[in-house]
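Trainee: Here it is, the structure in full.
The values are calculated or read from the model by the stated rules, or taken from the named source; none is laboratory data. The structure presented is a predicted model; accordingly, all values stated were derived computationally and were not measured. Using ideal geometry, Cβ is built from the backbone for each residue, glycine included, and neighbour counts are taken over all protein chains shown. The area values use the complete protein model at the heavy-atom level, side chains included, leaving out ligands, DNA and RNA. Shrake-Rupley method; radii C 1.70, N 1.55, O 1.52, S 1.80 Å.
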Amino acid sequence: MPKKILVTGSSGLIGSEVCLFFHQQGLEIHGLDNNQRAVFFGPPGDTRWNQRRLTKLIPGFTHHELDIRDREKILDLVQNICPHVIVHTAAQPSHDRAASIPFDDFDTNAAGTLNLIEAARRSCPESPFIHMSTNKVYGDRPNEIRLRELPTRWDYDDPEFEHGIPETFPIDQSKHSLFGASKVAADVVVQEYGRYFGMPTCCLRGGCLTGPHHAGVELHGFLSYLVKCNLERREYKIYGYKGKQVRDNIHSVDVARFMYEFYSQPRRGEVYNLGGGKPNSCSILEAFDKVERVTGIKQVSSYVDQNRVGDHICYYSDLRKMREHYPKWDVTISLDQTLDEIVQAWRERA
(Lines give C-alpha, C1' and ligand atoms only; values in the text may rest on other atoms or scores of the structure.)
Protein backbone atom coordinates (compact mmCIF):
# COMPACT_ATOMS: atom_id res chain seq x y z
CA MET A 1 0.00 0.00 0.00
CA PRO A 2 1.35 3.48 -0.84
CA LYS A 3 2.13 5.86 1.96
CA LYS A 4 -0.38 8.64 2.54
CA ILE A 5 -0.01 12.40 2.82
CA LEU A 6 -2.56 14.85 4.19
CA VAL A 7 -2.22 18.37 2.75
CA THR A 8 -4.28 21.21 4.22
CA GLY A 9 -4.98 24.16 1.98
CA SER A 10 -4.62 21.74 -0.90
CA SER A 11 -6.29 24.02 -3.45
CA GLY A 12 -3.89 26.87 -2.71
CA LEU A 13 -0.57 27.64 -4.36
CA ILE A 14 1.72 25.63 -2.08
CA GLY A 15 -0.80 22.95 -1.13
CA SER A 16 -1.58 22.07 -4.74
CA GLU A 17 2.13 21.96 -5.65
CA VAL A 18 2.80 19.66 -2.71
CA CYS A 19 -0.04 17.36 -3.80
CA LEU A 20 1.41 17.06 -7.30
CA PHE A 21 5.01 16.64 -6.18
CA PHE A 22 4.31 14.00 -3.55
CA HIS A 23 2.03 12.17 -6.01
CA GLN A 24 5.00 11.98 -8.37
CA GLN A 25 6.97 10.35 -5.53
CA GLY A 26 4.30 7.66 -5.22
CA LEU A 27 2.26 8.81 -2.22
CA GLU A 28 -1.52 8.61 -1.91
CA ILE A 29 -2.85 12.17 -1.77
CA HIS A 30 -5.49 13.46 0.62
CA GLY A 31 -6.29 17.17 0.27
CA LEU A 32 -8.21 19.26 2.78
CA ASP A 33 -9.70 22.57 1.61
CA ASN A 34 -12.99 24.43 1.90
CA ASN A 35 -12.25 27.36 -0.44
CA GLN A 36 -12.00 29.73 2.51
CA ARG A 37 -9.75 31.97 0.42
CA ALA A 38 -12.86 33.01 -1.53
CA VAL A 39 -14.51 33.97 1.77
CA PHE A 40 -11.47 36.00 2.84
CA PHE A 41 -10.87 37.73 -0.52
CA GLY A 42 -14.05 37.38 -2.56
CA PRO A 43 -14.40 35.81 -6.04
CA PRO A 44 -10.81 36.65 -7.13
CA GLY A 45 -9.56 34.41 -4.31
CA ASP A 46 -11.64 31.41 -5.39
CA THR A 47 -9.55 28.23 -5.73
CA ARG A 48 -12.12 25.71 -6.97
CA TRP A 49 -10.38 25.76 -10.37
CA ASN A 50 -7.25 24.41 -8.68
CA GLN A 51 -9.22 21.70 -6.88
CA ARG A 52 -10.59 20.59 -10.26
CA ARG A 53 -7.08 20.62 -11.68
CA LEU A 54 -5.82 18.30 -8.95
CA THR A 55 -8.73 15.91 -9.45
CA LYS A 56 -7.86 15.76 -13.14
CA LEU A 57 -4.09 15.39 -12.74
CA ILE A 58 -3.87 13.02 -9.74
CA PRO A 59 -5.55 9.61 -10.06
CA GLY A 60 -7.15 8.66 -6.76
CA PHE A 61 -6.89 12.16 -5.32
CA THR A 62 -9.21 12.43 -2.31
CA HIS A 63 -10.63 15.85 -1.52
CA HIS A 64 -11.93 16.51 2.00
CA GLU A 65 -14.26 19.52 2.24
CA LEU A 66 -13.46 20.51 5.79
CA ASP A 67 -12.67 23.59 7.88
CA ILE A 68 -9.53 23.27 10.02
CA ARG A 69 -11.34 25.17 12.78
CA ASP A 70 -13.70 22.20 13.23
CA ARG A 71 -11.79 20.40 15.96
CA GLU A 72 -13.81 17.19 16.23
CA LYS A 73 -13.89 16.61 12.49
CA ILE A 74 -10.15 17.24 12.22
CA LEU A 75 -9.46 14.76 15.01
CA ASP A 76 -11.66 12.16 13.27
CA LEU A 77 -10.15 12.77 9.82
CA VAL A 78 -6.55 12.36 10.94
CA GLN A 79 -7.46 9.25 12.92
CA ASN A 80 -9.20 7.71 9.90
CA ILE A 81 -6.45 8.53 7.38
CA CYS A 82 -3.47 8.07 9.71
CA PRO A 83 -1.17 9.83 7.23
CA HIS A 84 2.56 9.15 6.99
CA VAL A 85 3.21 12.89 6.60
CA ILE A 86 1.15 16.05 7.14
CA VAL A 87 1.82 19.30 5.27
CA HIS A 88 -0.12 22.19 6.78
CA THR A 89 -0.50 25.14 4.40
CA ALA A 90 -4.07 26.26 5.18
CA ALA A 91 -4.18 29.80 6.59
CA GLN A 92 -5.65 33.27 6.58
CA PRO A 93 -2.65 34.83 4.82
CA SER A 94 -3.18 38.60 4.78
CA HIS A 95 -1.87 41.35 7.10
CA ASP A 96 -4.61 43.78 6.18
CA ARG A 97 -7.51 41.34 6.19
CA ALA A 98 -6.59 40.09 9.66
CA ALA A 99 -7.26 43.49 11.21
CA SER A 100 -10.90 43.36 10.13
CA ILE A 101 -11.49 39.68 11.02
CA PRO A 102 -9.34 39.09 14.14
CA PHE A 103 -11.36 36.13 15.46
CA ASP A 104 -11.43 34.35 12.10
CA ASP A 105 -7.73 35.04 11.62
CA PHE A 106 -6.65 33.66 15.00
CA ASP A 107 -9.08 30.74 14.94
CA THR A 108 -7.80 29.72 11.50
CA ASN A 109 -4.07 30.29 11.92
CA ALA A 110 -3.48 29.48 15.59
CA ALA A 111 -6.38 27.27 16.73
CA GLY A 112 -6.57 25.47 13.38
CA THR A 113 -2.89 24.56 13.64
CA LEU A 114 -3.36 23.34 17.21
CA ASN A 115 -6.31 21.19 16.11
CA LEU A 116 -4.24 19.56 13.41
CA ILE A 117 -1.02 18.94 15.32
CA GLU A 118 -2.86 17.58 18.36
CA ALA A 119 -4.74 15.24 16.02
CA ALA A 120 -1.36 14.14 14.69
CA ARG A 121 -0.02 13.57 18.21
CA ARG A 122 -2.99 11.36 19.03
CA SER A 123 -3.08 9.33 15.81
CA CYS A 124 0.29 9.47 14.02
CA PRO A 125 2.95 11.02 16.28
CA GLU A 126 5.86 9.61 14.24
CA SER A 127 4.64 11.18 10.98
CA PRO A 128 6.55 14.33 9.99
CA PHE A 129 4.48 17.50 10.48
CA ILE A 130 5.49 20.30 8.12
CA HIS A 131 4.01 23.69 8.94
CA MET A 132 3.97 26.56 6.45
CA SER A 133 4.79 29.51 8.68
CA THR A 134 5.81 33.00 7.51
CA ASN A 135 8.63 35.51 7.77
CA LYS A 136 6.08 37.84 9.39
CA VAL A 137 6.80 36.04 12.68
CA TYR A 138 9.80 38.40 12.85
CA GLY A 139 7.44 41.37 12.96
CA ASP A 140 8.95 44.64 11.79
CA ARG A 141 12.28 44.03 13.56
CA PRO A 142 14.09 43.52 10.22
CA ASN A 143 13.39 47.22 9.64
CA GLU A 144 15.81 48.01 12.48
CA ILE A 145 18.76 46.67 10.45
CA ARG A 146 20.91 49.42 8.95
CA LEU A 147 19.96 49.89 5.30
CA ARG A 148 21.36 51.62 2.27
CA GLU A 149 19.21 53.12 -0.46
CA LEU A 150 20.06 52.12 -4.03
CA PRO A 151 18.45 53.49 -7.22
CA THR A 152 15.76 50.76 -7.38
CA ARG A 153 15.87 49.01 -3.99
CA TRP A 154 16.77 49.05 -0.34
CA ASP A 155 19.47 46.63 0.84
CA TYR A 156 21.15 45.69 4.09
CA ASP A 157 24.14 47.82 5.07
CA ASP A 158 25.30 45.49 7.84
CA PRO A 159 27.74 42.63 7.05
CA GLU A 160 25.99 40.44 9.65
CA PHE A 161 23.07 40.15 7.22
CA GLU A 162 25.06 39.79 4.02
CA HIS A 163 23.29 36.45 3.38
CA GLY A 164 19.89 37.59 4.64
CA ILE A 165 17.81 36.99 7.77
CA PRO A 166 18.80 33.85 9.75
CA GLU A 167 16.56 31.68 11.92
CA THR A 168 18.19 33.10 15.06
CA PHE A 169 16.69 36.54 14.40
CA PRO A 170 14.42 37.61 17.32
CA ILE A 171 10.66 37.46 16.90
CA ASP A 172 9.26 39.41 19.86
CA GLN A 173 9.00 43.05 21.00
CA SER A 174 8.01 44.23 17.55
CA LYS A 175 4.88 45.01 15.54
CA HIS A 176 3.66 41.94 13.66
CA SER A 177 0.14 42.81 12.48
CA LEU A 178 -2.60 40.54 13.83
CA PHE A 179 -1.80 38.06 11.04
CA GLY A 180 1.83 37.92 12.15
CA ALA A 181 0.76 37.43 15.77
CA SER A 182 -1.54 34.50 14.95
CA LYS A 183 1.22 32.91 12.87
CA VAL A 184 3.71 33.36 15.72
CA ALA A 185 1.32 31.42 17.97
CA ALA A 186 1.05 28.61 15.43
CA ASP A 187 4.82 28.58 14.81
CA VAL A 188 5.64 28.27 18.52
CA VAL A 189 2.99 25.56 19.03
CA VAL A 190 4.48 23.44 16.23
CA GLN A 191 7.99 23.91 17.64
CA GLU A 192 6.75 22.94 21.10
CA TYR A 193 5.12 19.72 19.91
CA GLY A 194 8.47 18.84 18.38
CA ARG A 195 10.52 19.69 21.45
CA TYR A 196 8.08 18.71 24.23
CA PHE A 197 6.53 15.58 22.69
CA GLY A 198 9.50 14.61 20.50
CA MET A 199 7.48 14.77 17.28
CA PRO A 200 9.18 15.32 13.91
CA THR A 201 8.10 18.88 13.11
CA CYS A 202 9.35 21.91 11.24
CA CYS A 203 8.18 25.47 10.66
CA LEU A 204 8.98 26.98 7.27
CA ARG A 205 9.12 30.76 7.60
CA GLY A 206 8.31 31.65 4.03
CA GLY A 207 9.24 34.77 2.17
CA CYS A 208 7.26 35.43 -1.00
CA LEU A 209 6.05 32.02 -2.13
CA THR A 210 4.92 32.22 -5.71
CA GLY A 211 4.28 30.33 -8.92
CA PRO A 212 1.88 29.97 -11.85
CA HIS A 213 -0.98 28.46 -9.82
CA HIS A 214 -1.37 31.36 -7.39
CA ALA A 215 -4.75 33.10 -7.16
CA GLY A 216 -3.06 36.43 -6.42
CA VAL A 217 -5.15 39.26 -4.96
CA GLU A 218 -4.19 42.74 -3.77
CA LEU A 219 -3.97 41.66 -0.14
CA HIS A 220 -1.94 38.51 -0.80
CA GLY A 221 0.21 37.22 -3.63
CA PHE A 222 2.65 40.00 -4.59
CA LEU A 223 4.05 38.78 -7.93
CA SER A 224 0.95 36.98 -9.12
CA TYR A 225 -1.26 40.00 -8.47
CA LEU A 226 1.28 42.37 -10.03
CA VAL A 227 1.37 40.29 -13.23
CA LYS A 228 -2.43 40.15 -13.32
CA CYS A 229 -2.63 43.94 -13.03
CA ASN A 230 -0.08 44.35 -15.80
CA LEU A 231 -1.88 42.03 -18.23
CA GLU A 232 -5.27 43.62 -17.49
CA ARG A 233 -3.73 47.13 -17.63
CA ARG A 234 -5.04 47.80 -14.14
CA GLU A 235 -3.49 50.13 -11.60
CA TYR A 236 -1.11 48.57 -9.09
CA LYS A 237 -0.88 50.51 -5.82
CA ILE A 238 2.51 50.85 -4.18
CA TYR A 239 2.30 51.31 -0.41
CA GLY A 240 5.24 53.28 0.94
CA TYR A 241 9.03 52.85 0.93
CA LYS A 242 9.24 54.48 -2.56
CA GLY A 243 8.44 51.13 -4.18
CA LYS A 244 11.94 49.98 -3.27
CA GLN A 245 10.85 47.42 -0.65
CA VAL A 246 12.56 44.09 -1.31
CA ARG A 247 11.25 40.52 -1.10
CA ASP A 248 12.88 37.21 -1.94
CA ASN A 249 10.72 35.00 -4.14
CA ILE A 250 10.67 31.21 -4.28
CA HIS A 251 8.81 29.03 -6.76
CA SER A 252 6.25 26.65 -5.28
CA VAL A 253 8.07 23.67 -6.82
CA ASP A 254 11.21 24.46 -4.83
CA VAL A 255 9.05 24.73 -1.69
CA ALA A 256 7.57 21.28 -2.32
CA ARG A 257 11.04 19.87 -3.02
CA PHE A 258 12.29 21.03 0.37
CA MET A 259 9.25 19.57 2.11
CA TYR A 260 9.99 16.21 0.53
CA GLU A 261 13.60 16.38 1.75
CA PHE A 262 12.37 17.04 5.29
CA TYR A 263 9.85 14.21 5.05
CA SER A 264 12.65 11.87 3.93
CA GLN A 265 14.98 12.92 6.78
CA PRO A 266 12.87 14.59 9.47
CA ARG A 267 14.15 16.49 12.49
CA ARG A 268 12.38 17.54 15.70
CA GLY A 269 11.21 21.06 16.41
CA GLU A 270 13.13 22.68 13.55
CA VAL A 271 12.71 26.10 11.99
CA TYR A 272 13.86 27.17 8.52
CA ASN A 273 13.70 30.49 6.69
CA LEU A 274 12.36 29.46 3.30
CA GLY A 275 12.74 31.89 0.44
CA GLY A 276 14.58 32.53 -2.78
CA GLY A 277 17.54 34.20 -1.10
CA LYS A 278 19.19 37.35 -2.38
CA PRO A 279 19.62 36.11 -5.99
CA ASN A 280 15.83 35.70 -6.30
CA SER A 281 14.96 38.98 -4.60
CA CYS A 282 13.47 42.08 -6.17
CA SER A 283 11.83 45.36 -5.26
CA ILE A 284 8.43 46.42 -6.59
CA LEU A 285 10.13 48.79 -9.04
CA GLU A 286 12.41 45.99 -10.25
CA ALA A 287 9.41 43.65 -10.56
CA PHE A 288 7.65 46.24 -12.75
CA ASP A 289 10.64 46.30 -15.06
CA LYS A 290 10.96 42.52 -15.25
CA VAL A 291 7.25 41.98 -15.96
CA GLU A 292 7.15 44.75 -18.59
CA ARG A 293 10.03 43.06 -20.42
CA VAL A 294 8.08 39.78 -20.52
CA THR A 295 4.68 41.18 -21.51
CA GLY A 296 5.61 44.30 -23.42
CA ILE A 297 2.95 46.19 -21.42
CA LYS A 298 3.82 49.30 -19.41
CA GLN A 299 2.77 48.89 -15.76
CA VAL A 300 0.11 51.32 -14.57
CA SER A 301 0.73 52.27 -10.94
CA SER A 302 0.00 54.79 -8.21
CA TYR A 303 1.83 55.57 -5.00
CA VAL A 304 0.38 55.71 -1.49
CA ASP A 305 2.80 57.42 0.92
CA GLN A 306 1.96 55.04 3.77
CA ASN A 307 3.42 51.58 4.20
CA ARG A 308 1.32 48.63 5.32
CA VAL A 309 1.35 47.94 9.06
CA GLY A 310 4.27 45.69 10.00
CA ASP A 311 5.58 45.61 6.41
CA HIS A 312 9.26 44.90 5.79
CA ILE A 313 11.43 47.44 4.02
CA CYS A 314 13.89 44.75 2.99
CA TYR A 315 13.70 41.02 3.57
CA TYR A 316 15.50 38.10 2.05
CA SER A 317 16.17 34.70 3.62
CA ASP A 318 19.50 33.32 4.75
CA LEU A 319 19.37 29.81 3.25
CA ARG A 320 22.60 28.45 4.75
CA LYS A 321 20.93 26.37 7.48
CA MET A 322 18.58 24.72 4.98
CA ARG A 323 21.49 23.87 2.67
CA GLU A 324 23.56 22.55 5.57
CA HIS A 325 20.81 20.26 6.88
CA TYR A 326 19.61 19.20 3.40
CA PRO A 327 22.52 19.47 0.94
CA LYS A 328 20.50 17.83 -1.87
CA TRP A 329 18.17 20.83 -1.86
CA ASP A 330 18.69 24.27 -3.38
CA VAL A 331 16.72 26.90 -5.24
CA THR A 332 16.47 25.64 -8.83
CA ILE A 333 14.01 28.05 -10.48
CA SER A 334 15.14 31.62 -11.11
CA LEU A 335 13.00 34.69 -10.60
CA ASP A 336 12.93 35.36 -14.35
CA GLN A 337 11.71 31.83 -15.12
CA THR A 338 9.10 32.11 -12.37
CA LEU A 339 7.77 35.36 -13.85
CA ASP A 340 7.61 33.78 -17.31
CA GLU A 341 5.47 30.97 -15.89
CA ILE A 342 3.17 33.34 -13.99
CA VAL A 343 2.58 35.46 -17.10
CA GLN A 344 1.79 32.38 -19.17
CA ALA A 345 -0.59 31.02 -16.51
CA TRP A 346 -2.60 34.27 -16.27
CA ARG A 347 -2.82 34.43 -20.06
CA GLU A 348 -4.15 30.87 -20.18
CA ARG A 349 -6.71 31.54 -17.43
CA ALA A 350 -7.87 34.71 -19.22
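Trainee: Can you give the Rg to Rh ratio for the range 95-187, taking only C-alpha atoms and Rh from Kirkwood?
Mentor: On the Cα set of the range 95-187, Rg over Rh gives 1.09.
Trainee: Per the Cauchy relation, a quarter of the hull surface: what is the mean projected area of the convex hull of the alpha carbons in the range 10-71, in nm²?
Mentor: 4.3 nm²
Trainee: In the neighborhood of Val253, defined by Cβ-to-Cβ distances under 10 Å, what is the net charge if each Lys or Arg adds +1 and each Asp or Glu adds -1?
Mentor: Residues close to Val253 contribute a combined charge of -2.
Trainee: DSSP loop GluC sites (Glu not before Pro) in the range 198-292 with at most 14 other Cβ atoms within 10 Å of their Cβ, which ones?
Mentor: Here the sparse-neighbourhood loop sites are Glu232, Glu235.
Trainee: Roughly what would the spin-label model give for Asp158 and Lys298, points 7 Å off Cα along C-beta, in nm?
Mentor: 4.0 nm
Trainee: Here is a further query. Report, by chain and number, residues whose modeled amide H sits under 5 Å from the one on Ser281, excluding near sequence neighbours (fewer than 5 apart, same chain).
Mentor: The list, which skips near neighbours in sequence, is Asn249.
Trainee: Tilt of helix 335-349 relative to the longest C-alpha principal axis of the chain, in degrees (0 to 90, nearest 10)?
Mentor: Between helix and principal axis, roughly 80 degrees.
Trainee: Sticking with this structure for a sec: Rounded to whole Hz and in sequence order, give me ³J(HN,Hα) for the range 180-193 from the Karplus expression 6.51 cos²θ - 1.76 cosθ + 1.60, θ = phi - 60°, writing x for Gly and Pro.
Mentor: x, 5, 5, 6, 4, 4, 5, 4, 5, 4, 5, 4, 5, 5
Trainee: Moving on to the next point. Enumerate the amide H contacts of Ala90 below 5 Å, restricted to partners 5 or more residues apart or on another chain; note that Pro and chain-start residues carry no placed amide H.
Mentor: Distant-sequence amide H within range of Ala90: Thr8, Gly9.
Trainee: Suppose accessible area is computed on protein heavy atoms with a 1.4 Å probe; arrange Lys328, Lys4 from highest to lowest.
Mentor: Greatest to least solvent exposure: Lys328, Lys4.
Trainee: Something else: In whole Hz, what ³J(HN,Hα) sequence does the range 295-311 give by Karplus (6.51, -1.76, 1.60; θ = phi - 60°), x for Gly and Pro?
Mentor: Taking θ as phi minus 60°, the curve returns 8, x, 10, 5, 6, 8, 8, 9, 10, 10, 7, 7, 6, 5, 4, x, 6 Hz for the range 295-311.
Trainee: Which percent of the accessible heavy-atom area of the chain goes to carbon and sulfur, probe 1.4 angstrom?
Mentor: That fraction is 50 percent.
Trainee: Another question, if that's okay. Given axes a ≥ b ≥ c from the Cα gyration tensor, I'd like to know whether the range 8-140 is rounded (a/c under 1.5), prolate (a/b larger than b/c) or oblate.
Mentor: Oblate is the answer for the range 8-140, as a/c is 1.5 or above yet b/c matches or exceeds a/b.
Trainee: Checking a compactness column here: for the chain, what do you get for Rg(Cα) / (2.2 N^0.38 Å), N being the number of residues?
Mentor: Normalised by 2.2 N^0.38 Å, the Cα Rg of the chain equals 0.94.
Trainee: What does DSSP give for the range 200-311 in terms of the percent of beta bridges that are antiparallel, rounded to the nearest 5?
Mentor: Here the antiparallel bridges make up roughly 25 percent for the range 200-311.
Trainee: In the Gaussian network model of the chain, springs joining C-alpha atoms below 10 Å, which of Val227, Val304, Val190 carries the largest mean-square fluctuation?
Mentor: Val304
Trainee: Here is a follow-up. With +1 on each Lys and Arg Cβ and -1 on each Asp and Glu Cβ, how big is the dipole of the chain about its Cα centre, in debye rounded to the nearest 20?
Mentor: Charge dipole of the chain: 520 debye, to the nearest 20.
Trainee: Now for a separate question. Grab the other residues whose beta carbon is less than 12 angstrom from that of Ile342, score K and R as +1, D and E as -1, and report the net.
Mentor: On the way: positive: Lys228, Lys290, Arg347, Arg349; negative: Asp336, Asp340, Glu341, Glu348.
Spelling it out: positives minus negatives among the neighbours equals 0.
Trainee: Right, next: Summing +1 for each Lys or Arg and -1 for each Asp or Glu, what net charge is found among the other residues whose Cβ lies under 15 Å from the Cβ of Phe106?
Mentor: Taking every other residue near Phe106 into account, the sum is 0.
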